[in-house]
Structures are given as structure tokens and as C-alpha cells.
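The values are calculated or read from the model by the stated rules, or taken from the named source; none is laboratory data. Source: prediction; values computed, not measured. Here the Cβ is made from the backbone with ideal geometry for all residues, glycine too, and neighbour counts use every protein chain on show. Note: areas computed on protein heavy atoms with side chains; ligands, DNA, RNA excluded. Shrake-Rupley method; radii C 1.70, N 1.55, O 1.52, S 1.80 Å.
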Amino acid sequence: MESAQEVLVCQYDNCLNNGSAEVLAAFAENPVAGVVVSGCGCQGQCNMGPTVRVLPSNHWYCRVQPEDVSAIVEQHLKAGNPVSALLHPRLHPQYLHQS
């Protein structure tokens, strides 16, 4: 698992219209030591919003809803295992056939 992780939650038009402010709030309600969570501008994946990007691993989550945040926090941020069901399929095709 990487240290000094950063989570970027898009706060631009399409993502906002699909609930990204609530996703950002859900991350704020589930803090993880050593992880910085912030809103950001457009990440260029508008059709897949709300988008959440985890750095430095560069994992892209798409269509994230507030109820998905706990899985990302527990499984990815704390345990180091990406949540394959939420990963962007075009950017992470290696996860398509995992459960």
C-alpha cells in the first residue's frame, strides 16, 4: 500500500450534477490518517462522473456514489486493495473480470 495518498473528487459541472459534492462529504466523514481528500476541477471523464482518483497509485473510480465511499476507504485506502467493481473500465481493463 502506498503512503501519502491523495484522493481527488471532481467538483466540476457534470460530476456535481451527479452528486460529487455528497461523495466529497462522505470522504470527509470517513477520514483516514495520512490520506488527503480534496475536491478538484474537471478530470476529463465527464461521462463517467462522479469521478474519484487515488494518487499516487492513479486508480480512477467512476460513477461513485456516497454509499460507495466506505468500500473505497476500507478496501483501498486502508487495506491497499482497489475496489474493482468501481474502477473505470477503460482505464483499468485488467480489473474487468475480477469480483
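Per-structure values
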quantity: Filter pass, Asn81 being free of Cβ contacts under 8 Å to residues at least 60 places away in the same chain and in a loop (DSSP other than H, G, I, E, B); calculated: yes
quantity: Residue ID - farthest from Asn14 (Cα to Cα), chosen from residues in segment 72-94 that are open to solvent by 40 Å² or more (accessible area, probe 1.4 Å) and hydrophobic (A, V, I, L, M, F, W, C); calculated: Ala79
quantity: Top-ranked residue of segment 48-99 - restricted to ones that are touching a Cys at 6+ places or on another chain (Cβ under 6 Å) and not polar (S, T, N, Q), ranked as nearest to Glu22 (Cα to Cα); calculated: Pro50
quantity: Filter pass, Val69 being open to solvent by 20 Å² or more (accessible area, probe 1.4 Å) and among the β-branched types (Val, Ile, Thr); calculated: no
quantity: Residue within segment 46-56 that is under 13 Å from the mean Cα position of the chain (by Cα), surrounded by fewer than 18 Cβ atoms within 10 Å (Cβ to Cβ) and closer than 12 Å to Gln5 by Cβ present; calculated: yes
quantity: Index of the failed condition, Cys15 passing every other in (1) of a type outside the set (S, T, N, Q); (2) buried (at least 16 other Cβ atoms within 10 Å of the Cβ); (3) assigned to a loop (DSSP other than H, G, I, E, B); calculated: (3)
quantity: Test: residue in segment 30-41 that is within 15 Å of Leu91 (Cα to Cα) and surrounded by 13 or more Cβ atoms within 10 Å (Cβ to Cβ); calculated: no
